[in-house]
Ligand SMILES: Cc1cc2nc3c(=O)[nH]c(=O)nc-3n(C[C@H](O)[C@H](O)[C@H](O)COP(=O)(O)OP(=O)(O)OC[C@H]3O[C@@H](n4cnc5c(N)ncnc54)[C@H](O)[C@@H]3O)c2cc1C
C-alpha cells in the first residue's frame, strides 16, 4: 500500500469523486474551490477518461478520444478561458462555429483534467468496486474488488460512464432511482476504434468527415496549436460506430488495415507509419432529454454526473459537473 493510499483510508473526505474524466475533474475542482476536502478515485493510470491520449515517443502524445472541447455555454467558457490564461488550454479559434468555441489542451486534453484535480487527492490505478453506507455515522465507504477499504467520505459522486455506474449501483442499497437512470442510459452507447498514423505534409483540411463506410472523421493532430512544427502530418482516424459495433472483437491488425485502407483511399496520401488502434467500448452516449443534467439523492448524499446525463459530449460532461457542484454547494 502506498503512503497516499494509507492516508486516504484514515480520512473521511467531504466528497469522493469516482472517475477523473472531464466531469469528475470539473466536479472535484468546483467542490475543492468551495472548501470541501475531495478525493478522486480513478481506475486508469491518470486522469482524462475519454479525453485520453496515446504516447508516441517521449515528446509526443496524440488525443485518442475527443479531439477538442466544443462549447457555447458561458459557465464552461469562463472556466476554459481561465485555463487558457494559465496556459493549460488553448483556444483553437479556426474551428469555432458561430458562438460555439473550440478548446484543446496544452499539450493534450488530459492537461485540463490534470489541472482541475490538482487541489484534490487523486488515487490512480484504483477501481471503486463497492459502495457501502454506514447509516449510523452517515459515512460512505468505498471498497475495491477485494473488498478492501479505499477511502471514506460524507458525499460520493459517480462520474463514470452509464454502464459502469449501473454496475456499481446495482449492489448499493437505497440507490434504485440512480440505478434506473444509469441502466436506461446504458442502452444508448456506441463504440469506436481510433488509430493514429503519419503521412507527408499535405494541404488537406485539419478535420475531414468523409462519406465513408468505415471512417467517421480524420483529424490532423499536428495542426492543433500545441502540436505545430512537426516534420510530417499526424492524423487521428475515428471509425464509424456502426462499423465498430460489427468489428469490436476483430484483431488490432485487421482494424488497422481497414482504417488505413479507408484513409488512403479517401485522401490519396501514402502512409509513413501508424500506431496500434484503440477500442473505446463506450465512446459516446445519446443526449439525455431530462432538464436536469445530473442526479443527486439528498437523503443519501450520493450523485451522478457525466456526459450521458447531459448532451453526450465534452460540453455535456462539463455542464453536468457544473450543475451538480452548484446543487451541492447550495446545501453547504
Ligand atoms: C473516440 C471519441 C471521440 C469523441 N469525439 C468527441 C467530439 O468530437 N466532441 C465531443 O464533444 N465529445 C467527443 N467525445 C466524447 C467525450 O470524450 C466525452 O463526452 C467526455 O470526455 C466524457 O467525459 P466524462 O467525464 O463524462 O466521462 P469519461 O471521460 O468516460 O470519464 C470517466 C472516468 O471514470 C473512470 N472509471 C470508470 N469506472 C471507474 C471505477 N469503477 N472506479 C474508478 N474509476 C472509474 C474511467 O477510467 C474514466 O477516466 C468523443 C469520445 C471518444 C471516445
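The values are calculated or read from the model by the stated rules, or taken from the named source; none is laboratory data. All values reported here derive from a predicted model rather than from experimental measurement. Using ideal geometry, Cβ is built from the backbone for each residue, glycine included, and neighbour counts are taken over all protein chains shown.
Rundown of residues vs (1) within 27 Å of residue 91 (Cβ to Cβ); (2) out of contact with any strand residue (DSSP E or B) (no Cβ under 6 Å at 6 or more places or on another chain), yes/no style:
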{"site": "233", "(1), (2)": "yes, no"}
{"site": "241", "(1), (2)": "no, no"}
{"site": "249", "(1), (2)": "no, yes"}
{"site": "254", "(1), (2)": "no, yes"}
{"site": "259", "(1), (2)": "no, no"}
Check your understanding: Given 89, 34, which one is free of Cβ contacts under 8 Å to residues at least 24 places away in the same chain and touching a helix residue (DSSP H, G or I) at 6+ places or on another chain (Cβ under 6 Å)?
Key -> 89
Study note, to complete from the structure: Scanning segment 306-332 residue by residue, the ones that are assigned to a loop (DSSP other than H, G, I, E, B) and touching a strand residue (DSSP E or B) at 6+ places or on another chain (Cβ under 6 Å) total 1
Check your understanding: When you scan segment 140-178, how many residues do you find that are buried (at least 17 other Cβ atoms within 10 Å of the Cβ) and either within 14 Å of the ligand (Cβ to nearest atom) or closer than 25 Å to residue 309 by Cα (or both)?
Key -> 23
**Study point:** Test: residue in segment 265-274 that is in contact with a strand residue (DSSP E or B) (Cβ under 7 Å, 6 or more places away or on another chain), at pLDDT 95 or above and closer than 30 Å to residue 304 by Cα
**Key:** no
Point to revise | Matching residues, segment 122-139, being more than 14 Å from the ligand (Cβ to nearest atom) and touching a strand residue (DSSP E or B) at 6+ places or on another chain (Cβ under 7 Å) | key: 132, 133, 134, 138, 139
Study note, to complete from the structure: Filtering segment 261-283 down to residues that are farther than 17 Å from residue 214 by Cβ and within 13 Å of the ligand (Cβ to nearest atom) yields 281, 282
